[in-house]
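Asks: Got a structure for you, questions after.
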Amino acid sequence: MTQLSKITIASGLTFDALVAGEPGAPLVLLLHGFAESMHCWRAQVTALADAGYRAIAPSQRGYSPGARPDVRDTANYHIDRLMDDAIDIVKAAGYGEARFHLAGHDWGGSIAWALADRYPERVASLTVLSRPHPNAFNRALLQTDGDQAHRSRHHKAFLEPGAADVVLADDCKWLRERLAAAGVPSEAIARHLTVLGNKAAMEAALAWYRARGAIRAPLGIIAEPVLYIWGEEDDTVGRVAAEGTRDFVSGPYRFETLPGVGHFAVDQAGKRVTELLLAHLASHPA
């Protein structure tokens, strides 16, 4: 049974999290992206527990009220801090230095790629949705046709001081329309807004972008088993970046495309995502 839990890490931050499965079972850590929350993984958390895994999907730094350091210092939201949180959540859940499975969507995918690069001995398998390997993304951004740069133009807009007010204006009109246009069901949008639909949470979420800036730091070649899922209608990630991810993975690799699916594949095509995730984990046990 999936429970809404609180996980306190050594630094004193407390994360809201969806948790299911028996303690001590193989761990799967699931990281959400923007503009969603832990709730995007609800179906997968339940399915993973039913399949014999321990699944944890936290609302990450800034999204959880108990894990929201001062946004005026963007260093608090640097990707290194987000990576530290993920490892500390694994420890707080009782898994110490054990290997675990890792999944991430969008920004959660960026964190997941970086964790796989930094901790290859810890990550038993990697599943990423929507977000290409940063090197493939950077290469696509430099293409002379400008396609990926156009798709990513909203990232620069998020760096503006008044971005949170724009996104939240008129009862979160921009955010509601963005998610709905991408095929996210209305009930899922409502759940995400319970987490993100307030000024404090939105400012913290956008601090992730401000801490990183416009450029993604390059990573090394990923040796862990990778499942990369890309919706063919993703308006933020083009085919060049998606297909180019293969060039930066040396281990077992599966690239799965989802016809008719946009950027928010977990919410839009949850059943298929669950099938692919379970098959990947079964093929690469921790």
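Asks: When the residues of region 139-159 are narrowed to those that are aliphatic (A, V, I, L, M) and not in a helix (DSSP H, G or I), which ends up surrounded by the fewest Cβ atoms within 10 Å (Cβ to Cβ)?
Replies: Leu142
Asks: Scan region 125-163 for residues that are among the polar types (S, T, N, Q) and modelled with pLDDT under 90 and report the count.
Replies: Residues flagged as among the polar types (S, T, N, Q) and modelled with pLDDT under 90 within region 125-163 amount to 4.
Asks: Six or more apart or on different chains, Cβ under 7 Å: which pairs go from a residue in region 1-25 that's over 20 Å from Tyr63 (Cβ atoms) and aliphatic (A, V, I, L, M) to one that's at pLDDT 95 or above and surrounded by fewer than 18 Cβ atoms within 10 Å (Cβ to Cβ)? Could you list them?
Replies: As it stands, the answer is Ala25/Gly52, since those pairs meet every condition given.
Asks: Only one residue in Arg68, Arg72 is at pLDDT below 95 and surrounded by fewer than 21 Cβ atoms within 10 Å (Cβ to Cβ), so which one is that?
Replies: Result: Arg72 is the single residue among Arg68, Arg72 that is at pLDDT below 95 and surrounded by fewer than 21 Cβ atoms within 10 Å (Cβ to Cβ).
Asks: Would you please list the contacts, defined by Cβ atoms under 6 Å and residues six or more apart or on different chains, that run from a residue in region 241-255 that is farther than 13 Å from Asn138 by Cα to a residue that is among the aliphatic types (A, V, I, L, M)?
Replies: These pairs meet every condition: Val249/Ile222; Val249/Val226; Ser250/Ile221; Ser250/Ala223; Gly251/Ala223; Tyr253/Val226; Arg254/Leu227.
Asks: Starting from region 160-171, take each residue that is among the charged types (D, E, K, R) and list its partners that are part of a helix (DSSP H, G or I) and exposed (fewer than 12 other Cβ atoms within 10 Å of the Cβ), counting only C-beta distances under 8 angstrom and pairs at least six apart or across chains.
Replies: From region 160-171, the pairs are Asp165/Lys199.
Asks: Have a look at Ala124, Ala136 and point out the one that is part of a helix (DSSP H, G or I) and not charged (D, E, K, R).
Replies: Step by step, each of Ala124, Ala136 is checked, and only Ala136 is part of a helix (DSSP H, G or I) and not charged (D, E, K, R).
Let's see how each residue does on (1) in contact with a Lys or Arg (Cβ under 9 Å, 6 or more places away or on another chain); (2) of a type in the set (Ser, Thr, Tyr); (3) under 20 Å from Leu277 (Cβ atoms); (4) modelled with pLDDT of 95 or more:
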position	(1), (2), (3), (4)
Ala205	no, no, no, yes
Ala211	yes, no, no, no
Ile222	no, no, yes, yes
Pro225	yes, no, yes, yes
Glu232	yes, no, yes, yes
Asp235	yes, no, no, no
Pro259	no, no, yes, yes
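Asks: I would also like to ask the following. Test each condition in (1) of a type in the set (S, T, N, Q); (2) crowded, with 19+ Cβ neighbours inside 10 Å; (3) free of Cβ contacts under 8 Å to residues at least 12 places away in the same chain for Gln268 and report the one that comes out false.
Replies: (3)
The values are calculated or read from the model by the stated rules, or taken from the named source; none is laboratory data. Quick caveat: nothing in here was measured; it's all calculated off a predicted structure. We place every Cβ from the backbone using ideal geometry, glycine too, and count neighbours over all the protein chains shown.
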